[in-house]
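Asks: Mind having a look at this structure? Questions to follow.
The values are calculated or read from the model by the stated rules, or taken from the named source; none is laboratory data. For clarity, every value in this text was computed on a predicted model and none was experimentally measured. With ideal geometry, Cβ positions are generated from the backbone for all residues, glycine too; neighbour counts draw on all protein chains shown. Calculation scope for accessible area: heavy atoms of the full protein, side chains included, ligands and nucleic acids excluded. Shrake-Rupley method; radii C 1.70, N 1.55, O 1.52, S 1.80 Å.
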Amino acid sequence: MAKMQILKFSRAVLRRITTKQSLLQLCASDSSFVFKTSTRNFSCGSHVSLDSPYIPRRTLMYVPGHDPKKLKKIPALGVDCAVLECEDGVALNMKAQARKNIRDALEYLEAQNLDLALRINSRFSGLMEADLEAVIGDALGPAAAIEKLPQTILLPKVDTVEDLLIFTEHLKSVKLGRNYCPYLVTYVESAQGLMNFKDILKKAADFSQEGHFHLDGAVFGSDDFVADIGAERTPDAKELIYARQKFVMVAKAFRIQAIDMVYVDIHNTDGLRIQADEGAKMGFTGKQIIHPVQVPHVKAAFTPSPARVEWATELVKNFEDHQKSGQVTTIKTLVGQNMI
C-alpha cells in the first residue's frame with residue numbers, strides 16, 4: 001500500500017510536466033512551466049483528464065481591470081495566471097470601465113505561457129450577469145472570437161450548488177453559439193462554502209462532462225472566510241489550519257488544483273516564504289499574490305526541485321520496469337530510505 005501511495009505521489013509531481021523540454025526548463029533557476037500550445041485552449045466535449053496539458057497556476061495574480069496601465073504590464077509580470085479583475089479589486093463605480101478595459105485587453109494581450117483569467121463578481125452581488133455579458137457576450141459590441149476570450153473564469157463566493165447552477169446557465173447564454181469552453185476555478189470564502197464544497201465540485205464535474213466548462217481548480221479565500229467565521233487573523237494563520245487542510249483534501253479528491261490564500265504583507269518576504277512553503281507541503285499547487293515582488297518567492301515554493309523531479313522520474317521508471325520484468329527492485333524514498 002505504501003509503495004502505491006508513493007508511486008501516485010511521484011506521478012502527481014510528473015503530471016505537472018508535459019514534455020522533456022519543459023522538464024529541463026522547469027529545473028532551471030529561472031524555471032517556468034511550458035504549455036503544450038501557445039494560444040488559448042477552448043476545446044470542448046470532455047472533462048480534463050490526467051493526460052491533459054497541465055495549466056500551471058503556481059502564481060495567481062490579480063490585476064485590477066479599471067487600470068489600463070497595469071493591464072498592459074501583464075506580459076512582464078512573470079506569473080502563471082494573470083487574473084483580469086472585476087470583483088473585489090475594483091470599486092463599484094469603476095465596474096463598467098473595468099469590463100470595457102478587460103474586453104479591450106483581451107484583444108492585444110498574448111497568451112503564450114500565460115493563463116489569462118477573468119474573475120467575475122459573485123452571484124449575490126447582482127453584477128455577475130453584466131460581467132459575463134460584457135466580456136464574453138455582446139453587450140459591448142459584436143461578440144469576440146473565442147481565441148480573444150479569457151482562457152479561465154474565476155467564480156468567487158460559491159456557497160451553494162445553486163450558485164454554480166445560476167452561473168452555468170448564464171455562461172451558456174452568453175456563448176452565443178460559439179464553441180467556448182473555459183477552464184473554471186471556483187472559490188471557497190465562507191463556512192457554508194466549505195461545508196458544501198464537495199457537492200459544488202461534484203456538480204461542477206458533471207457540467208464539465210457535459211462540455212460547459214473544464215473544472216480545473218479552486219481558490220481558498222482566507223480574508224472573507226475569517227470574517228465569516230468571526231476569527232482573528234494571526235501571523236501564522238493558525239486559525240485556518242483546519243479549513244486549509246479540508247479545502248486541499250476535497251480539491252484533491254476531485255483531482256483539481258488547490259490555490260492557497262493571499263499573504264497580504266508585501267514587505268515581509270520571510271513571512272511570505274514560510275507561508276508559501278507551508279502551503280506547498282500541505283498539498284496546495286499555487287498561491288494568490290497581490291504584488292509583483294511576491295512572484296519569484298511563491299513560484300519557487302511551488303516548483304518541484306530538480307532532486308524531487310529526478311526522484312519521481314526514477315520511481316516511475318523503476319515501477320514500469322518491474323511491471324515488465326517481474327523482478328524485485330529497490331528504490332529510495334525522498335528521505336533516503338530504501339523501499340522494495
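Asks: Across the range 288-319, what is the total count of residues that are under 22 Å from Ile55 (Cβ atoms), open to solvent by 30 Å² or more (accessible area, probe 1.4 Å) and not in a loop (DSSP other than H, G, I, E, B)?
Replies: Going through the range 288-319 one residue at a time, the tally reaches 7.
Asks: Name the residue, out of Arg233, Arg255, that is outside any strand (DSSP E or B), of a type in the set (D, E, K, R) and under 17 Å from the mean Cα position of the chain (by Cα).
Replies: Residue meeting the stated conditions: Arg255.
Asks: Would you please list the contacts, defined by Cβ atoms under 9 Å and residues six or more apart or on different chains, that run from a residue in the range 139-165 that is within 16 Å of Val188 (Cα to Cα) to a residue that is in a loop (DSSP other than H, G, I, E, B) and hydroxyl-bearing (Ser, Thr, Tyr)?
Replies: Going by the 9 Å Cβ cut-off, the qualifying pairs are Leu155/Ser122; Pro156/Ser122; Lys157/Ser122; Lys157/Ser190; Val158/Ser122; Asp159/Ser122; Asp159/Ser190; Asp163/Ser122.
Asks: Can you tell me which residues in the range 252-265 are open to solvent by 40 Å² or more (accessible area, probe 1.4 Å) and either at pLDDT below 95 or acidic (Asp, Glu) (or both)?
Replies: Going residue by residue through the range 252-265, those that are open to solvent by 40 Å² or more (accessible area, probe 1.4 Å) are 252-255, 264-265.
Val264, Asp265 - these are the residues of the range 252-265 that are open to solvent by 40 Å² or more (accessible area, probe 1.4 Å) and either at pLDDT below 95 or acidic (Asp, Glu) (or both).
Asks: Tell me which residues, restricted to the range 145-167, are surrounded by fewer than 19 Cβ atoms within 10 Å (Cβ to Cβ) and not acidic (Asp, Glu).
Replies: Across the range 145-167, the qualifying residues are Ala145, Ile146, Lys148, Thr160, Val161, Leu165, Ile166.
Per-residue answers, yes or no, for (1) farther than 19 Å from Ala258 by Cα; (2) modelled with pLDDT under 95; (3) of a type in the set (Phe, Trp, Tyr):
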{"position": "Thr160", "(1), (2), (3)": "no, no, no"}
{"position": "Ser190", "(1), (2), (3)": "no, no, no"}
{"position": "Phe213", "(1), (2), (3)": "no, no, yes"}
{"position": "Ala218", "(1), (2), (3)": "no, no, no"}
{"position": "Asp228", "(1), (2), (3)": "yes, no, no"}
{"position": "Thr234", "(1), (2), (3)": "yes, yes, no"}
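Asks: Condition test on Gln275, is it assigned to a helix (DSSP H, G or I), of a type outside the set (A, V, I, L, M) and open to solvent by less than 50 Å² (accessible area, probe 1.4 Å)?
Replies: In short, yes.
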